[in-house]
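Notes to accompany the following structure.
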Amino acid sequence: MQPILKVDLSSGRSEAYLIPPEWERSFLGGASLAARLLYPFLTPELDPFSPAAPLLFLNGPLTGTSGPTVGRFVVCGKGPATGLWAESNCGGFWGPELRFAGYDGLWLSGKAEEPVYLWIEDGGLQIRKAAHLWGQDTYETQEAVRHEVGRTGVHVAVIGPAAERGVLFAGIYCDHGRTAGRTGLGAVMASKNLKAVAVRGKQPLPLVHAEHYSTLRSGSNRALKQDNQARVLHELGTAGAANFSEYLGAMPAKYFHQGGFEGVDKVSGSMMAESILSGQSACHACVIACGRVVKLEDGAKRKGPEYETIVSFGPNLLIDDLKEITRLGEMCDRYGMDTISTGNTIGLAFHLFELGKITAQDTGGLKLQWGDVAAVRQLVRMTADRQGIGNLIAQGSRRLGKHFGAQEEAVQVNGLEVAYHDPRGVSGMALSYATSPRGACHNQSDYFFVDWGDTHPELGIEYFSRHAQAEKAANVARHQNWRTVYNSMVMCIFANVEPQMQVDLINAACGYDWTIEEMMRVGERGWNMKRAVNNKLGLTAAHDQLPKALLEPLPTGGSEGYVPDLQGMLSAYYAARGWDPKTGYPTRARLLALDLDDVAKDLWG
Ligand code: SF4
């Protein structure tokens, strides 16, 4: 990979940092490599909003190569809501453009005296004033920066007003609504007084066997175009899965307290295709193009919502109006707030209102009645502005619940709000959420696909019933290892690329001679590296939990009467992982087997 550009925003000094080649080979790139690089700097005492806190943007070894869905980058650091490892990857065109500008990463530290933005072009860096941009929304900011730098082909990663005000689930945005949305790293960027990073370049790609790679790339993209899942994603977007997910009891409704949602047909991907859809959009060189372009009454083309946003502002709040959901999603994008955490935390507010733990006195007179779009809109605005109860919502569901003496009601794990794949409908998600390194996350292992029947025998990923328990634990661990490879590449998890093709692409790009087994070992190493970061930050076995709501059976719907046996699953999972059940740490033997000797020494002495 190319060097990382290190910028100290306090002094304005910058330098090119060369990634140690042995770490590149052992961690591949993206989030795993970031965990390795940041491990010494992430300490329990580190305030994520202090100038000392690092914020690392990183590419993978294939970013920008027009391979299958590899136009992505990841942002990593310490999560302000979780206090744990934070990572969030993002599509669009920014990652490839950073690579074309001569860097594969951006390592930020310090804090600028006043708001600034970075302009990186073909290896050069300018730190420019941005006070006039502070307060502008994410779309306005991109437009203004592009205009100011005055070049074509510029891509800009930005924060919105929510990040500036310290909303703990504020993200980083680029292109048309592409988002590093989860874990609040937009707020970390804002704490450095950094509004945007604009990139542009024309440097050649650092591919070891460029010609061979080019042949493989064409073949893998052709195969991906024919893949059934990819075709559904192209036609219907991620919301194409809404009906099936609801049927299985895997799509939460009424803040995870209702089995099924009658209005699902009104918010599905098919309904979008038949009503407001006007086209598709794609990240860099992606042949799937899962992004939705929709038109509402004003006739303007805008980003259409994907599955998570639809459920967050739809079934989760008992809203079945696709146009309103689209508008709520756009509000969040413009303010720069993660739609999963925003909708989830607002869902908690509605739930606590119903329980009588929040009253109209707490909300400034606003009645939180399920399905009331105007009330949701008001809460989104108040959250971004940190006004009234919005100031509490802005701190995420764990803190909101705690404030009202009802932390156990918050559907979150370790401070990150649960995404919309209910483990009562697809049991593998119980382990995915409980053990994910960044809190409840569906991207570290989207195991629901395996529970739907998507197997990979060559990786040892077999099918178990969607309600199987401990017997699928080792399978979940293998799936996590594989997705860790994706998150290192940084490749989109929507791409069903054959593992052998994946290895061939890596080998051609990097000059390695890996086998599938070696690739999976790199995935396992990355997973354990992130676990070790978290263990160092204080995470133990006691943190591998699910919220109360997900361990209570629903009386109706596709998951009727079922709850995952989390403790049984965890025991089997720890055994499969080689983790110590008392501490939750990877054992010394496991760490040594993965060549993580220094980490073994740190954790075990
Ligand atoms: S499948 Fe969708 S999210 Fe993934 S890279 Fe392609 S356009 Fe982007």
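The values are calculated or read from the model by the stated rules, or taken from the named source; none is laboratory data. Only a predicted model underlies this, so the values are computations on that prediction, with no experimental measurement involved. Here Cβ is always computed from backbone atoms with ideal geometry, including for glycine, and neighbour counts include all displayed protein chains. Just the protein is used for accessible areas: all its heavy atoms, side chains included, with ligands, DNA and RNA removed. Shrake-Rupley method; radii C 1.70, N 1.55, O 1.52, S 1.80 Å.
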| remark: Result for the stretch 60-144: accessible area per residue, probe 1.4 angstrom, in square angstrom, of 25
| remark: Any residue on another chain or 5+ positions along whose placed amide H is under 5 Å from the amide H of ASP104 is listed here as GLN2, ILE4, LEU5
| Computed over the stretch 19-161: relative contact order in percent, which uses C-alpha pairs under 8 Å that are six or more apart | 17
| Accessible area of the chain belonging to carbon and sulfur atoms, whole % at 1.4 Å probe | 50
| request: For the stretch 131-147, just list the computed ³J(HN,Hα) in residue order, Karplus coefficients 6.51, -1.76 and 1.60, θ = phi - 60°, integers in Hz, with x standing in for Gly and Pro. | output: 4, 6, 9, 4, x, 6, 6, 5, 6, 4, 5, 4, 4, 5, 5, 4, 5
| query | Using a 1.4 Å probe, what is the accessible area per residue for the stretch 359-499, in Å²? | reply | 29
| What is the Cα radius of gyration of the stretch 125-269 over 2.2 N^0.38 Å, N being its residue count? | 1.42
| Convex hull of Cα atoms in the stretch 356-425, direction-averaged projection (nm²) | 5.4
| note | Taking a ≥ b ≥ c as the square roots of the eigenvalues of the Cα gyration tensor, with a/c under 1.5 meaning rounded and otherwise prolate when a/b exceeds b/c and oblate if not, the stretch 24-157 is oblate
| field | Rounded to whole Hz, the Karplus (6.51, -1.76, 1.60) HN-Hα couplings of the stretch 527-537, x for glycine and proline | value | 4, 6, 5, 5, 4, 5, 4, 5, 4, 4, 7
| Normalised contact order of the stretch 253-391, rounded percent, pairs of Cα under 8 Å and 6 or more residues apart | 20
| request: Using Cα pairs closer than 8 Å and at least 6 residues apart in sequence, work out the relative contact order for the chain, in percent. | output: 16
| task | Quick one: which residues, 5+ away or cross-chain, put their amide H under 5 Å from the amide H of PHE73? H built at 1.01 Å from N. | result | CYS90, GLY95
| query | In what order, largest first, do ARG334, ARG438 sit by accessible area if the probe radius is 1.4 Å? | reply | ARG334, ARG438
| message | What does the C-alpha gyration tensor say about the overall shape of the stretch 466-605? Classify as rounded when a/c is under 1.5, otherwise prolate if a/b is larger than b/c, or oblate. | response | oblate
| remark: In terms of the alpha carbon gyration tensor, root eigenvalues a ≥ b ≥ c, rounded if a/c is under 1.5 and otherwise prolate when a/b exceeds b/c or oblate, the stretch 375-486 is prolate
| note | the stretch 412-465 -> Rg/Rh from Cα coords, Kirkwood Rh, value 1.00
| request: Sort 369-375, 98-104 for me by packing, meaning the mean count of neighbouring Cβ atoms within 10 Å per residue, highest on top. | output: 98-104, 369-375
| What are the lysines whose alpha-carbon lies under 28 Å from the alpha-carbon of LYS303, with same-chain residues fewer than 8 places away excluded? | LYS195, LYS225, LYS254, LYS266, LYS295, LYS323
| message | Which order do the peptides 79-89, 112-122 come out in when sorted by mean C-beta neighbours inside 10 angstrom, highest first? | response | 79-89, 112-122
| note | Square roots of five times the C-alpha gyration tensor eigenvalues of the stretch 216-274, ordered largest first and given in whole Å, equal 30, 13, 7
| Could you give P(r) for the chain, binned at 10 Å from zero, as whole percent values over all Cα-Cα pairs? | 4, 18, 30, 30, 16, 3, 0
